[in-house]
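The structure appears right after this line, and notes come after that.
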Amino acid sequence: MPESFIAMLALDSAAPVGADRVVAELERQFADAELVRTGVGSLFAPKPDEAALLLDLGGMRVVVMFVDRPIPAGELDNAIRANRIWPQAAERLAAHQAHAIVGTFSKITGFEQARRGAYAV
């Protein structure tokens, strides 16, 4: 069983993303889970303490962070080399200007929690 799930999403630009929009989509997909959040407004915020959205998704803690710069050089090299289905991956990823990080940070204790965590990420 994994300890956590994490994903980095390459974005074309650092366009503001409202925390309300992210929460609304998670509420739509996880209608049975209570969402408790901190962080408001734009997730590309000038202050680091305002740039993360922390959620409790029915006992699974999830963080969403937007970073207004590209993923550091070399971080995706292994993933690009292992890729077999996206021939343009290196070219497209080289052009990205910002990224989002989505991850869980609750201890995963069972299959249902792992399923929810993987799906949320």
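Overview of values
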| read-out | value |
| --- | --- |
| Difference of contour (0.36 nm per residue) and Cα-Cα distance, Ile6 to Gln88 | 27.2 nm |
| Cβ crowding within 10 Å averaged over residues, with 61-72, 76-87 ranked highest first | 61-72, 76-87 |
| Cα-projected label distance for Ile80 with Thr109, points at 7 Å along beta-carbon direction, nm | 4.2 nm |
| Cβ-defined net charge surrounding Ala95, 15 Å radius [Lys, Arg +1; Asp, Glu -1] | 0 |
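Values in this text are rule-based calculations from the coordinates and carry no lab data. Owing to the predicted nature of the structure, the values given are computational and were not obtained by experimental measurement. As a convention, Cβ positions derive from the backbone with ideal geometry for all residues, glycine included, and neighbour counts pool all protein chains shown.
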